[in-house]
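Participant: Handing you this structure, nothing more for now.
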Amino acid sequence: MKIKLQKILSMATILLFFEGLNAQDSSVSRVIMVHKVNSNILVDGDLNEDIWQLSAVADSFINKWPTDNGKAKLQTEVRVVYNDQYIYFGIKAWLGDKAPVIQSLKRDINPYYSDGVSVVLDPSGKNTSGYTFGVNAAGAQMDGIVDVNSDSFDWDTKWYSETKMFAGYWTAELAIPFKAFRFPKDLTQWGINFIRNDMTNNCFSTWNQVPIQFFGANLNYLGRISFADEAPRVKSNNAFIPYVSVKADQSNGAFSTLLNAGIDAKLAINSSLNLDATINPDFSQIDVDRQIINLDRYDVLLPERRTFFLENNNLFSIMGLENAAVPFVSRRIGLTDDGRIVPIVAGLRLTGNLNPALRIGLMNIQTAAKYGLPAQNYTVAAFDHKILKRSNWRVIITNRQKITGSGKNENIAHYNRVAGTEFDFLSDNTKFNGRAGYYHSFNPGNPGSSGFGLANIGYTDKTLNISAGWSQINTNFISDLGFTPRLYNFDAENDTTVRIGYNAYSGSFDYAFYPKSKKTINSLDFSIKTNHYYTAGLGRFIEFNGAAGLDLLFANRREASVSWTQNSVNLPFSTTIFTETGPLPKAKYTFGFLQLKYMSNFLRPFSWGLTFEKGGYYNGKRTSYIGTVKYRSKSWGIFELDFTYNNITLNNKNTYPFLVGASLELAYSNNLFWTTFLQYDTQIKNFNINSRIQWRFKPLSNVYLVYTDNYLTDGLVHTSRNIVFKIDYWIN
């Protein structure tokens, strides 16, 4: 059945109508005017240079959370100057009678949960993409990419900072090279904001006011920085990161060694475009996947952890519906469905701004033949154009192409392509939002029913968040580079997977109450969410799930919640969730469960949390305990234990899937770390040990020593182990 395009067109018309209803933008932008200096500043954490006394000052910080009005209890001053090479920030952060809270000395770890200050920059001034840089009071750096109302700390660049502690305050100096990031030339005004994390009082403040319902680094609520003398000069920043690694591996009794080498490069095409290139990349130092117990009948998408795919990934991954239909997921490249590594021969990725309003991303990656799979080529193109004032028009095209030759597998289609477009709307006052889009899949034989369409609309203010949406995923919307779990249904009786297209209707209502007095409760949140699923075309009922809950966030940062989830599922086939209990018969099942959740104050040295769930589960019942215990020894050591235990009855048979994970992280300094992680998972029957030492001997240059060991949980039979020694070096 064809997608009803008139629904999408009607949605776009409604969004434009709301745009016309809006009054003037409600945000107020502060302005800081900075001057150029002719000398460099020694970055030592002391603000005793005469330059700082004459510089522009951003002060009078405003509360952001748990309240978003009035001046911050502990104030912050940020002084700003620039020269031909750097933009400098001199920070003075006042303290109360408590020592700063420091979660870690490691770069980018929990950056908003330690006492610290960060700067948000939008060099294009278009509120589409920006950067954030900051330090905590112990000197640990954080840097990342900002995307409208979220950020990612997977991007790294070379810059310099130092902090110092004094009686009643701490200071920091930041020197960020202009060549460290991309920006349009000749612009004399950028977007800017500063965020202060005051964890001793469990609060945040910002220089330019940001409403409580939005993320502190939201690009729609930036102030402005005006370069009084001349626009910053565009500097080329070409970096080369070669690596060499040695791996010793023992698997199923066989021993082997491998010497490996490769290189990554970051090349400035112009002032706003960057080309990333990789040859024979190695990801042996990346954190292992955090396993979960999957109680659903559909696959679960694990997060991407490989650096090459993480940097600027939001440009490629922002489209579609999260956990329902996403046209591009980078884990489809270089990894099999069960997590085995497929070698990447080489890759290129071009990202950046063609002009201040248009961002582009082009990616091409070649993988080698492995595990009987053929060599493949992957191409992704994404375009993000700012329209109206705060809205975006986006396009994505993906292509997987099988390369003939050795490793050719006739069970894999020669190619798969997806093309789609989306209009994402946000009103001037940021209260009305919506999306409308259509995607199409192209496959050998050009089968029909190959589309995916979506439309939703919402309203958000400080207390109310309402949304309603519709999507349709047709039977032959095949996206080899995407994630469409609900489309695929396993028929246990015939040992096959069947695609079933469906319509989904979703709705949500969320009301947040913020008491004026914050002595006991910071916020109380009541929410209702529903999802209905029907087969595309015939409209037969597939599934309903809905949840209603109440969440309390206390002033002491403790959190408690209670909710009820109701499900009704019409299984189209005999379905196996756990082999121990056998297949569930084809039938309609109605069941619900209660959830109780408590989290202690995670800012304290010792914290813990527990989630309890109990109720029905298809034709049986389920009781689950999900918990975490964490101890932080000042800033140098973090000890954490996570566990999930289930008591499940299906088909009058019992099973007890559980998962235990333990981690130890030691930070000897801002440059030397040792992390050990253990996981015991009875669902996939694997016990895993991963231990990694990292020494950052120069900025962004590292030595790694990584040990991995795997056992079957049944009898602890050893399956594999390896040890890797790796060095990478940043040259620029």
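The values are calculated or read from the model by the stated rules, or taken from the named source; none is laboratory data. Note that the coordinates shown come from a computational prediction; the quantities given were computed from them, not determined experimentally. Neighbour counts run over all protein chains shown; Cβ positions are idealised from the backbone, glycine included. In case anyone asks, the SASA skips ligands and DNA or RNA and just uses the protein heavy atoms, side chains included. Shrake-Rupley method; radii C 1.70, N 1.55, O 1.52, S 1.80 Å.
Participant: Can you confirm whether region 312-322 contains a residue that is over 14 Å from the mean Cα position of the chain (by Cα), at pLDDT 90 or above and of a type outside the set (Lys, Arg)?
Facilitator: Yes: one or more hits.
Participant: Right, something else. Out of curiosity, is residue 732 open to solvent by 40 Å² or more (accessible area, probe 1.4 Å) and within 30 Å of residue 235 (Cβ to Cβ)?
Facilitator: yes
Participant: Kindly indicate the residue of region 232-262 that is surrounded by fewer than 16 Cβ atoms within 10 Å (Cβ to Cβ) and aliphatic (A, V, I, L, M) and also modelled with the lowest pLDDT among those meeting that condition.
Facilitator: 254
Participant: Got a number for residues in region 78-120 being closer than 19 Å to residue 132 by Cβ, assigned to a strand (DSSP E or B), open to solvent by 10 Å² or more (accessible area, probe 1.4 Å) and not aromatic (Phe, Trp, Tyr)?
Facilitator: 1
Participant: For a quick check of your reading of the model, give me the residue pairs whose first member lies in region 530-558 and is farther than 19 Å from residue 515 by Cβ, whose second is acidic (Asp, Glu), with beta-carbon atoms closer than 6 Å and at least 6 apart or on different chains.
Facilitator: Sorted first by the residue in region 530-558, then by its partner, the pairs are 533/543.
Each row is one residue, and each column tells you yes or no for (1) within 25 Å of the chain's Cα centre (by Cα); (2) surrounded by fewer than 20 Cβ atoms within 10 Å (Cβ to Cβ).
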{"position": "153", "(1), (2)": "yes, yes"}
{"position": "174", "(1), (2)": "no, no"}
{"position": "182", "(1), (2)": "yes, no"}
{"position": "191", "(1), (2)": "yes, no"}
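Participant: When only residues in region 437-454 that are outside any loop (DSSP other than H, G, I, E, B) and open to solvent by less than 10 Å² (accessible area, probe 1.4 Å) count, which is nearest to residue 413 (Cα to Cα)?
Facilitator: Residue satisfying both the conditions and the ranking: 441.
Participant: Only one of 146, 135 is in contact (Cβ under 8 Å) with a residue 60 or more places away in the chain and either under 25 Å from the mean Cα position of the chain (by Cα) or open to solvent by 10 Å² or more (accessible area, probe 1.4 Å) (or both); which?
Facilitator: One residue alone meets the criteria, 146.
Participant: Determine whether residue 191 is assigned to a strand (DSSP E or B) and under 20 Å from residue 356 (Cα atoms).
Facilitator: Against the criterion (assigned to a strand (DSSP E or B) and under 20 Å from residue 356 (Cα atoms)), residue 191 qualifies.
Participant: Mind listing whichever residues of region 698-708 are at pLDDT below 95 and over 25 Å from the mean Cα position of the chain (by Cα)?
Facilitator: If the condition is that a residue be at pLDDT below 95 and over 25 Å from the mean Cα position of the chain (by Cα), then 698 is the only one that fits.
Participant: Do you know which residues across region 455-474 are open to solvent by 40 Å² or more (accessible area, probe 1.4 Å) and in a loop (DSSP other than H, G, I, E, B)?
Facilitator: Selection gives 462, 463.
Participant: In region 647-671, what count of residues is obtained for those that are assigned to a strand (DSSP E or B) and either open to solvent by 60 Å² or more (accessible area, probe 1.4 Å) or over 22 Å from residue 105 (Cα atoms) (or both)?
Facilitator: Number of matching residues: 11.
Participant: Just a yes or no: is a residue in region 626-638 under 24 Å from the mean Cα position of the chain (by Cα), modelled with pLDDT under 95, assigned to a strand (DSSP E or B) and hydrophobic (A, V, I, L, M, F, W, C)?
Facilitator: Yes: region 626-638 contains one or more residues that are under 24 Å from the mean Cα position of the chain (by Cα), modelled with pLDDT under 95, assigned to a strand (DSSP E or B) and hydrophobic (A, V, I, L, M, F, W, C).
Participant: May I pose another question? Residues in region 685-718 that are not in a strand (DSSP E or B) and not acidic (Asp, Glu): how many?
Facilitator: Here the count works out to 7.
Participant: In region 239-341, which strands (runs of 3 or more DSSP E) lie fully inside it and hold 2 or more residues that are free of Cβ contacts under 8 Å to residues at least 60 places away in the same chain?
Facilitator: 254-268
Participant: Scan region 349-360 for residues that are over 14 Å from residue 128 (Cα atoms) and open to solvent by less than 20 Å² (accessible area, probe 1.4 Å) and report the count.
Facilitator: 1
Participant: In region 560-613, how many residues are open to solvent by 70 Å² or more (accessible area, probe 1.4 Å) and of a type in the set (A, V, I, L, M)?
Facilitator: 1
Participant: Being at pLDDT 90 or above and in contact with a Leu (Cβ under 9 Å, 6 or more places away or on another chain) is the filter here; which residues of region 211-231 pass it?
Facilitator: 220, 222, 225, 227
Participant: Consider only pairs whose beta carbons are under 8 Å apart and that are at least six residues apart or on different chains; among these, list those whose first residue lies in region 691-711 and is under 9 Å from residue 729 (Cα atoms) and whose second residue is among the acidic types (Asp, Glu) and open to solvent by 30 Å² or more (accessible area, probe 1.4 Å).
Facilitator: 700/156
Participant: Sticking with this structure for a sec: Going through region 50-71 one residue at a time, which ones are in a loop (DSSP other than H, G, I, E, B), open to solvent by less than 40 Å² (accessible area, probe 1.4 Å) and at pLDDT below 95?
Facilitator: 55, 66, 68
Participant: Just for strands (runs of 3 or more DSSP E) wholly inside region 475-515: which have at least 2 residues that are closer than 18 Å to residue 529 by Cβ and open to solvent by less than 70 Å² (accessible area, probe 1.4 Å)?
Facilitator: Filter on region 475-515 gives 502-513.
Participant: Continuing with this model, one more query. Could you tell me whether any residue of region 16-29 is under 21 Å from residue 122 (Cβ atoms) and either crowded, with 17+ Cβ neighbours inside 10 Å or modelled with pLDDT of 95 or more (or both)?
Facilitator: Within region 16-29, one or more residues are under 21 Å from residue 122 (Cβ atoms) and either crowded, with 17+ Cβ neighbours inside 10 Å or modelled with pLDDT of 95 or more (or both).
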